[in-house]
Amino acid sequence: QAQVVESGGGLVQAGGSLRLSCEASGNIGTISVMAWYRQAPGNQREWVATITSSGNTVYVHSVKDRFTISRNNARDMMYLQMDSLKPEDAAVYYCAVDVTLPYATYWGQGTQVTVSS
């Protein structure tokens, strides 16, 4: 059964770093686009960054130059290196994986990131 699992969240002080991982498994199919989203309490889920199968990346303005998205296609894994963290980055971070033929999007259950000021 296809599944997506995030890991790497935790508590960090403002200015610190965390590295999130996302692993897709279970005969998930051909992965195209992978992305990170986040949701803070009381807020809607927000798109953070996207990476295509060829490695092209796009970021929301608020994290550009602080976060780096990457992936390992051979291992069906994606990463989010988060540097210079701010309290407003605190949220549950979710991984979204798009697959083709047939088209589907798989979501993980999220990993909590807490940033203390």
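The values are calculated or read from the model by the stated rules, or taken from the named source; none is laboratory data. What you see is a predicted model; the values in this text were computed from it and never measured. All Cβ positions, glycine included, derive from the backbone under ideal geometry; neighbour counts span all protein chains shown. The accessibility values were calculated without ligands, DNA or RNA, using every heavy atom of the protein model including side chains. Shrake-Rupley method; radii C 1.70, N 1.55, O 1.52, S 1.80 Å.
Some notes on this structure:
- Residue 84-residue 65 pseudo-label distance in nm [points 7 Å out on the Cα-to-Cβ vector]: 0.6
- Positive contributions from Lys and Arg (+1) and negative ones from Asp and Glu (-1), summed over other residues with Cβ under 14 Å from the Cβ of residue 106, come out at -4.
- Per residue, the solvent-accessible area of the chain (1.4 Å probe, heavy atoms of protein chains only, all protein chains present) comes to 54 Å².
- Each Lys or Arg adds one and each Asp or Glu takes one away; over the other residues whose Cβ falls under 15 Å from the Cβ of residue 23, this sums to +1.
- Compared with the alpha-carbon gap, the fully stretched path from residue 3 to residue 30 is longer by 8.4 nm at 0.36 nm per residue.
- Unit Cα scatterers, Debye sum, the chain: log10 I(q)/I(0) for q = 0.16, 0.19, 0.21, 0.24 Å⁻¹: -0.68, -0.95, -1.13, -1.42
- Residues of the stretch 31-51 with an amide N closer than 18 Å to a point placed 7 Å from the Cα of residue 73 along the Cα-to-Cβ direction: 31-35, 50-51.
- Percent carbon-and-sulfur accessible area, the stretch 56-117, ignoring ligands, DNA and RNA, probe 1.4 Å: 49
- Annotation: the antiparallel percentage among DSSP beta bridges lying fully within the chain is about 90.
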